[in-house]
């Protein structure tokens, strides 16, 4: 089966989400990979003129959070308040443009969870019983014997606890057939295809009812009909996708946003999102999200990044080495979004020097310098009549189409590869037209001006396509070619992309976008 594209819907707003993160540790580079990918998609949709709502957040009602708070001598809520600030600092540093940052302690979310739980209980899909079995504290997941990997949690590689406690259960087994039929009838629902096949195999293997409350811990949202229990953290967390867009609270906002276009999550939590979450929605009688995308992992020296294994890279520290935009570029270019990939300092530096400093940075510096020297900083009208001009113009237009196709598939690395082919073609255009030779020949003055205009317009088009990935660098490109207003909603329309808007603008030389760095981090 081929790759599936982003699906649009009847509702007005393109709604995308990421997983919400536990606040028992700061985000690592693997977490940042997910957020950057979602941010790239959100920025791209806005650039196309699509009204977009991008939600992220933090998962605070966690047994691990309660444990860490006690270690720090804080109440769970005070501990979460501190971590929210730290999380927001990381996402601000990485230029993540979310529209809402939800906390599961927000009053509107707590109210929504209690309403959702009561509704499903009243329907008869939640009942009281005893759970006895394995429980992984690290991922806060109940595990069946068949899910263990040589007796250990398959994710954290630690031995789970055997617990027995009275809980409320959700009748997941009732939805087995309905889930299987839905997934088979909606091939876009679970992406990539390998994840879809895995989920279907799990369903075919038989689904058991699942515990959706805990009576042995106190930190959580109390059940509306039994305050001796709190809502199980995963049930609580999954429902953030509807609570955050007005479920129960704001019907108009909810109808404008839901169903979500896409949930972007790590592939290790697809069972929660592709089995439990849709079953909850079916019980509520609500449409399912159009797509759940399970991205791959970022590893370090071949190991998945995790606090448990000690293979963490701090994304803020990584960004300080070669810059935020460079880190965003490296993550999206180096690691296909549906695959696992390894982060190395050597690879990061290689991309920085080759792609960013040599290809893009060099092109910008040369164009600005030549317009400054040959036409007193004034951008002339482009030509687009000469064969070289026609080729590069057509190349830009075909690149835009390729980028759009790749972005619809969340093939961010392929979108950037197509864009870099255009950047390299622009550098070749400069060599072929040789403005420095045209400048020496007075009879070629008009041709020189056409070439300078073409080069400037190429930079503008590159800047537009680059902006979802490297927003600050794209803005600086626009500033240097005289567009101080930057990049606006809908700028990637066909008309705006192809027209010439720079004639008469004044170029403004800036500091190099990607200055040469030392060899200090070219290891790993």
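Key figures
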item	result
Calculated diffusion of the chain, Stokes-Einstein form, Kirkwood radius summed over Cα pairs, 25 °C and 0.890 mPa s, µm²/s	98 µm²/s
Rel. contact order, % - alpha carbon contacts under 8 angstrom, at least six apart, the range 14-295	22 percent
Extension reserve of the residue 316-residue 405 stretch, reckoned as 0.36 nm per residue once the Cα distance is removed	28.9 nm
Two-decimal log10 I(q)/I(0) for the range 188-252, as the Debye equation yields it once each C-alpha is a single scatterer, q = 0.21, 0.25 Å⁻¹	-0.96, -1.00
By average C-beta atoms within 10 angstrom, highest first, the peptides 176-187, 425-436	425-436, 176-187
Cα gyration tensor, the range 42-123 - rounded (a/c under 1.5), prolate or oblate	oblate
Contact order normalised by residue count of the range 345-498, Cα under 8 Å, 6+ apart, percent	26 percent
Rg to Rh, two decimals, where the range 14-295 supplies the alpha carbon set and Rh follows Kirkwood	0.93
Crossing angle, helix 107-123 versus the chain [Cα axis fit, 0-90 degrees, rounded to tens]	50 degrees
Residue-span extension gain [residue 97 to residue 249] - 0.36 nm each, minus C-alpha spacing	52.3 nm
Coordinate range along principal axes, alpha carbons of the range 345-498, Å, largest first	49, 38, 30
Calculated FRET efficiency for the pair residue 85/residue 161, C-beta based, R₀ 45 Å, to 0.05	0.90
Likely footprinting exposure, 401, 442, 35, fewest C-beta neighbours within 10 Å first	442, 401, 35
Ratio Rg/Rh, restricted to the range 156-281 and using Cα atoms, in which Rh is the Kirkwood radius	0.98
Computed [θ] at 222 nm, deg cm²/dmol, the chain (DSSP H ≥ 4; -39,500 (n - 2.57); rounded to nearest 500)	-14000 deg cm²/dmol
Label point 7 Å beyond Cα of residue 186 along Cβ direction - residues of the range 16-30 with amide nitrogen under 20 Å	16-20
Shape of the range 284-386, Cα gyration tensor, a/c cut at 1.5	oblate
Estimated FRET transfer efficiency when R0 is 41 angstrom, pair residue 497-residue 441 (beta carbons, to 0.05)	0.80
FRET E, pair residue 173, residue 391, Förster distance 60 Å, beta-carbon r, rounded to 0.05	0.45
Binned Cα-Cα distances of the range 357-432, short to long, each 10 Å bin given as a whole percent	18, 40, 32, 9, 1
Taking 203, 275 and counting other C-beta atoms within 10 Å, the order from fewest to most	203, 275
Principal-axis tilt of helix 76-93 within the chain, Cα atoms, nearest 10 degrees	20 degrees
Rough spin-label spacing in nm, given labels placed 7 Å along Cα→Cβ, for residue 209 and residue 78	4.1 nm
Normalised contact order of the chain, rounded percent, pairs of Cα under 8 Å and 6 or more residues apart	18 percent
Using alpha-carbon coordinates, inclination of helix 412-433 to the longest axis of the chain, degrees	0 degrees
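No value in this document is a laboratory result; all are computed from the given coordinates. Model, not experiment: these values are computed from the prediction. Here Cβ is always computed from backbone atoms with ideal geometry, including for glycine, and neighbour counts include all displayed protein chains.
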